[in-house]
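Reviewing the structure listed below.
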Amino acid sequence: MSPNPSTFANPVIAGFHPDPSVCRVGEDYYLVCSSFEYFPGVPIFHSRDLVHWTQIGNVLDRPGQLRLPLDSPSSAGVYAPTLRHHDGRFWLITTNVSGDGNLLVTATDPAGPWSDPILLPDLPGIDPDLAWDSDGTCWCTIAGVAQVRIDPHTGEVLDAPRRIWSGAPGAKAPEAPHLYRIGDYWYLLIAEGGTERGHGVSIARGRTPSGPFEPCPDNPILTHRGTDHPIQNTGHADLVQGPDGSWWMVLLGVRPGGGTPGWHVLGRETFLAPVTWVDDWPVVGPLAPEGTVPWPLRPGPAEASRDDFDLPALPPAWISLRDRQERHCTTKERAGWLTLHARGESLDDCDVVFVGRRQQHRSCRARTLVDTSSGTGGLALRLDEEHHYEVEATAGEVRVVARVGTLKSVVASRAVPAGPLVLGVDVHEEKTLRDARTGPDTVHLGFGEPDGTFTTLATLDGRYLSTEVAGGFTGRVIGLHATAGTVHFDWFDYESLDG
Ligand code: 6LW
């Protein structure tokens, strides 16, 4: 089934889900995204209509597949996967910039298990793509944009990288290549202009997979640079054809909030756009003619989710920093609770024990019930080691801590009776622009009183947990941490407040 372009809601996968790559097998679509410093890596989703996606796992979910050193920086790690189905198998190629470099894994069931990685030590660069010629040749195209033939069974690179196209003259960062055979042409889709406001998608075509490539006269075929469209930074795309013959593009974009320059806090998200063909070139859109809303921004249905930690493993949307070892993070130690044993001493440390989920709504509410009788820990809203707000408890006290760049402060604290405590974070989108400097949202951190009411200890400006302030490629993750001793969590609730 394909969506009706006038009615579906974007983003189709909200929150930090960048660099989407998609393929279809029969009636089923599968989509993967980058995961950077988080473990497990490369979330994989399934859909029947390209609009409603369910996460079915993570491709790199074993330590042998994903080695992220404990001192590797945030926004390093796993970049830009390509997912393809060929010869009865799923193939995924990606780059772990913090260690193994380019690597390839395969699976017969996309929900896993995926194979151990085949490393490609001789393949330079990032953003690898896979495409097979009719004679079985496997072409691997990388950012730059350059191309080699590889043996995907061994990882052997069969020739020296050859530059095949660089996009528009002078445009920065030609990257995210995907090569497809469509009709009589081989199409080379790329992103260019950088993954910020200048981002765009361009395409070229040739008669062979190695070119020469003729650029589309209408390049970029998609960009929102210099527009007031609510979705910005549009780029890094992949194409897919529905079983009914319709064509679609998945791409990344951001939803900046607040005044100027606009701050996006949810990371780069996955969007969907219809594609038609004119003169054998793809046309993306339609692009907002007067009076129509081509990419409706209706929020999805309000979502609430509770994790009771009753299962032996955490659901696939839960992500940890760099590794997840049972001796640090387990639901088996106290039945029905998640237990975290501290390693790093604060969220400033790369080896902190933190496990969370992506913030997927502009306004949302998170609550947890924590037992800190043997340690210190709580609930954190995290962008990276240098940008995070947390409400945490330790015997007899609850406090709010804010880290922004080199500044760190205990913003508020309160004595509380011993015993399990509800901690909470509410995020409220700023809907009214008071002036050009209005921020994107406010973050309210607090705790539950014994009578069931909620006390806000601190209200902080959300702009400091945005990509425009922090830099990098990720988005906010909200979750649980332990910074001393052992901390137990009975449940975690996340609820959309978008309406
Ligand atoms: C990715 C590159 C990009 O490798 O950002 O937006 C980089 N595009 O293609 C990290 O996501």
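Quick notes on this structure:
- Helical mean residue ellipticity (222 nm; -39500 (n - 2.57) per DSSP H run of 4+; nearest 500) of the chain: 0 deg cm²/dmol
- Whole-angstrom Cα spans of region 97-178 along principal axes, big to small: 43, 33, 23
- Pairs of alpha carbons in the chain whose separation is greater than 46 Å (percent): 11 percent
- Taking amide H positions as modeled 1.01 Å from N, with prolines and chain starts lacking one, the residues under 5 Å from His264 and 5 or more places away or on another chain are Gly257, Thr467, Glu468.
- Shown in residue order for region 178-191 are the 3J(HN,Hα) couplings computed by the Karplus curve 6.51 cos²θ - 1.76 cosθ + 1.60 at θ = phi - 60°: 9, 10, 9, 9, 9, x, 8, 10, 9, 9, 10, 9, 9, 9 Hz (x for Gly and Pro).
- Ala395/Gln241 FRET efficiency (R0 56 Å; Cβ-Cβ; nearest 0.05): 0.40
- Summarising the overall dimensions of region 306-496 from its C-alpha atoms, the Rg and Dmax are 15.6, 51 angstrom.
- Carbon/sulfur fraction of accessible area - region 306-496, other protein chains in place, 1.4 Å, %: 49 percent
- Rg ratio for region 176-294: its Cα radius of gyration over 2.2 N^0.38 Å, N being its residue count, equals 1.10.
- In this label model, Asp116 and Ser134 are separated by 3.8 nm, measuring between points 7 Å along each Cα→Cβ vector.
- Within the accessible area of region 110-258 (1.4 Å probe), percent carbon and sulfur: 52 percent
- For the chain, the longest site-free run once GluC sites (Glu not before Pro) in DSSP loop states with at most 12 other Cβ atoms within 10 Å are removed: 28-289
The values are calculated or read from the model by the stated rules, or taken from the named source; none is laboratory data. Quick caveat: nothing in here was measured; it's all calculated off a predicted structure. Counting neighbours? That spans all protein chains shown, and the Cβs are built from the backbone with ideal geometry, glycine included. Side chains are part of the model used for accessible areas, which takes the heavy atoms of the whole protein and leaves out ligands, DNA and RNA. Shrake-Rupley method; radii C 1.70, N 1.55, O 1.52, S 1.80 Å.
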